[in-house]
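The values are calculated or read from the model by the stated rules, or taken from the named source; none is laboratory data. None of the values given here were measured: they were computed from a predicted structure. Note that each Cβ is placed from the backbone with ideal geometry, even for glycine, and that neighbours are counted across all protein chains shown. These area figures cover heavy atoms from the full protein model, side chains too; ligands, DNA and RNA do not enter into them. Shrake-Rupley method; radii C 1.70, N 1.55, O 1.52, S 1.80 Å.
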Amino acid sequence: MTAPKIANKKRLNEKIVCITAYDCPMGRIADAAGVDLILVGDSVGNVVLGYENTLPVTMEEMLHHTRAVRRGVKNALLVADMPFMSYQASEDEAIRNAGLFIKAGAEAVKVEGGISVAPLIKRLTDIGIPVMGHVGMTPQSINKFGGYRVQGRGTQSDIIAADAKAVQEARAFCVVLELIPAVVSERITRELKIPTIGIGAGPDCDGEIQVINDLLGLSGETLKHTKCYVDAGDLFAKALETYSREVRERQFPTEENTF
Ligand code: KIV
């Protein structure tokens with residue numbers, strides 16, 4: 001998969017399947033399942049590293065997880081999320097950091113924001129680094145929003161639409177629409193030429209992205225915009241209870257497991 005092929009899926013009217021992954025086994029499983037795009041999200045902060053939100057995530061942590069996922073992914077497009085303050089302070093620093101992701105094996109980067117990051121998206125694209133945009137509820141601005149809240153209601157919808165258009169004009173290959181009303185994402189999807197990738201944005205986007213731990217029952221909560229396809233958390237817990245009991249009762253290891 002390539003960034004131009006993802007962009008072309010909109011013209012072909014093919015839905016784009018995207019998922020996050022944070023380590024090699026999850027990358028391998030998602031890739032083998034045939035997803036189109038794998039994002040090493042900065043959600044690694046709250047999903048895997050135990051932080052409160054994505055703000056503490058560093059370049060070093062993102063590079064470490066990007067390299068791990070790279071080793072498991074053969075076919076899907078691998079996108080790395082630029083963490084908070086890795087691209088906001090200066091364009092030169094942002095370009096150097098984006099370059100580090102490409103050297104770590106990512107094939108594109110994602111940045112949050114619309115009009116404010118459009119000049120950066122254009123520069124990155126010009127030097128050959130494909131960019132995935134991200135507008136609406138952008139978690140790195142959680143302090144500005146006052147929490148994880150639906151954005152783009154009422155007259156605010158024009159602001160989100162203008163942000164999405166700026167991202168397209170800067171030549172991003174696609175744009176994530178997060179936590180916005182379905183009627184707004186339907187309008188933006190209709191107005192844009194690049195694909196929209198929804199999360200909590202209704203059924204009319206050109207593609208969907210979800211946090212892998214939410215789909216697999218590993219995040220301990222089911223949010224309105226997610227769906228738990230398998231309760232792996234419960235399966236893992238039961239397996240480990242059985243393992244504990246068998247070790248304590250001397251049922252494992254057996255001769256079969258012994259050299
Ligand atoms: O970090 C992340 O997981 C994301 C997706 C939810 C779009 O940005």
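Of all residues in the range 16-57, those being under 12 Å from Ile212 (Cα atoms), within 11 Å of the ligand (Cβ to nearest atom) and of a type in the set (Gly, Ala, Ser) number 3.
Here Gly133 fits the description: touching a Cys at 6+ places or on another chain (Cβ under 8 Å), closer than 24 Å to Thr226 by Cα and within 16 Å of the ligand (Cβ to nearest atom).
Only a single item in (1) open to solvent by 20 Å² or more (accessible area, probe 1.4 Å); (2) under 25 Å from Val17 (Cβ atoms) is not met by Glu246, and it is number (2). Ile95 passes every criterion in (1) more than 16 Å from the ligand (Cβ to nearest atom); (2) farther than 28 Å from Ile159 by Cβ; (3) open to solvent by 10 Å² or more (accessible area, probe 1.4 Å) apart from (2). Among the residues of the range 75-103, those identified as assigned to a loop (DSSP other than H, G, I, E, B) and in contact with a strand residue (DSSP E or B) (Cβ under 6 Å, 6 or more places away or on another chain) are Ala76, Met82.
Of all the residues in the range 140-186, those that are loosely packed, with under 14 Cβ neighbours inside 10 Å, assigned to a helix (DSSP H, G or I) and of a type in the set (Lys, Arg) number 1.
Conditions (1) in contact (Cβ under 8 Å) with a residue 12 or more places away in the chain; (2) among the hydroxyl-bearing types (Ser, Thr, Tyr); (3) more than 14 Å from the ligand (Cβ to nearest atom), marked per residue:
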| residue | (1), (2), (3) |
| --- | --- |
| Cys174 | yes, no, no |
| Val184 | yes, no, yes |
| Ala237 | no, no, yes |
| Glu241 | no, no, yes |
| Val247 | no, no, yes |
| Asn257 | no, no, yes |
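Return the residues of the range 192-229 that are part of a loop (DSSP other than H, G, I, E, B), open to solvent by less than 60 Å² (accessible area, probe 1.4 Å) and among the hydrophobic types (A, V, I, L, M, F, W, C); say none if nothing qualifies. Across the range 192-229, the qualifying residues are Leu192, Ile194, Ala201, Cys205, Val211, Leu216, Leu218, Cys228. Regarding Thr125, is this residue over 30 Å from Pro181 (Cα atoms) and either touching a His at 6+ places or on another chain (Cβ under 9 Å) or open to solvent by 10 Å² or more (accessible area, probe 1.4 Å) (or both)? The answer is no for Thr125. Picking from residues in the range 30-51 that are free of Cβ contacts under 8 Å to residues at least 60 places away in the same chain and touching a Gly at 6+ places or on another chain (Cβ under 8 Å), the one that is farthest from Lys9 (Cα to Cα) is Tyr51. Looking at the range 83-91, can you tell me whether even one residue there is more than 14 Å from the ligand (Cβ to nearest atom), farther than 23 Å from Ile127 by Cα and among the charged types (D, E, K, R)? No, the range 83-91 has no match at all.
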